[in-house]
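Take a look at the structure below.
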């Protein structure tokens with residue numbers, strides 16, 4: 001019997017975004033020195049490992065396509081992520097990146113692919129390579145594209161928002177309805193652990209998004 005997995009977006013879920021004071025923008029880290037795990041993230045990964053489910057990172061990383069960093073720097077950030085997870089007793093079973101961007105000036109990366117979220121290609125690839133059942137899996141992310149990708153793949157979706165559903169209007173506009181809305185990865189882990197313990201109960205009877213209950217009642 002195939003098992004499920006926990007898919008994690010990277011930026012904003014595992015590590016912090018980086019603020020550029022010169023331009024007043026927030027973006028993914030472009031150098032290992034700027035790659036900092038969010039508080040509790042390494043512990044959350046370790047606790048996810050206790051569920052017995054593989055923990056897999058699936059992330060859009062168009063920084064190479066945008067000439068913001070090179071493959072060596074991306075590899076160094078990935079290794080730092082692995083090392084810091086292990087320091088808390090955790091393990092990331094696999095990491096899948098989409099490196100493409102439709103506006104890239106580099107021809108090899110200017111691709112309309114099926115792996116860039118909101119397309120579910122990364123999850124489908126992982127499921128094929130690791131023999132996973134996506135309907136028994138979870139997609140955890142902080143972006144609308146994460147929820148759309150997870151939903152397309154048939155997973156239970158968990159949306160992380162530090163400010164209580166500040167992006168709900170955008171979720172509704174794109175018809176992205178997460179199963180759960182939480183504030184941190186640690187909170188998501190508690191819910192996943194609870195659902196796994198109650199796996200005999202149909203998942204859609206276990207949890208409802210308070211955000212969408214509220215909005216649908218308007």
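Just for segment 1-28: of the residues that are in a loop (DSSP other than H, G, I, E, B) and within 20 Å of residue 136 (Cβ to Cβ), which one is modelled with the lowest pLDDT?
1
If you take the residues of segment 29-76 that are assigned to a helix (DSSP H, G or I) and in contact with a strand residue (DSSP E or B) (Cβ under 8 Å, 6 or more places away or on another chain), which of them is farthest from residue 155 (Cα to Cα)?
Applying the filter and picking the extreme gives 34.
Among the residues of segment 119-133, what is the count of those that are in a helix (DSSP H, G or I) and farther than 18 Å from residue 159 by Cβ?
8
Taking the criterion of being surrounded by 11 or more Cβ atoms within 10 Å (Cβ to Cβ) and modelled with pLDDT of 90 or more, would at least one residue in segment 198-217 satisfy it?
For segment 198-217, residues surrounded by 11 or more Cβ atoms within 10 Å (Cβ to Cβ) and modelled with pLDDT of 90 or more: absent.
So which of 18, 6, 26 ends up being surrounded by 21 or more Cβ atoms within 10 Å (Cβ to Cβ) and in contact with a strand residue (DSSP E or B) (Cβ under 7 Å, 6 or more places away or on another chain)?
6
Looking only at residues in segment 139-163 that are in contact with a strand residue (DSSP E or B) (Cβ under 8 Å, 6 or more places away or on another chain), in contact (Cβ under 8 Å) with a residue 24 or more places away in the chain and assigned to a loop (DSSP other than H, G, I, E, B), which one is surrounded by the most Cβ atoms within 10 Å (Cβ to Cβ)?
Out of the qualifying residues, it is 155.
Among the residues of segment 49-67, which ones are closer than 12 Å to residue 85 by Cβ and within 14 Å of the chain's Cα centre (by Cα)?
55, 57, listed by residue number.
Among the residues of segment 105-150, write down those that are in contact with a helix residue (DSSP H, G or I) (Cβ under 7 Å, 6 or more places away or on another chain) and farther than 26 Å from residue 17 by Cα.
124, 127, 132, 134
The values are calculated or read from the model by the stated rules, or taken from the named source; none is laboratory data. Predicted model only: the values in this text are computed from it and were never measured. FYI the Cβ positions are ideal-geometry reconstructions off the backbone, even for glycines, and counts take in every protein chain you see.
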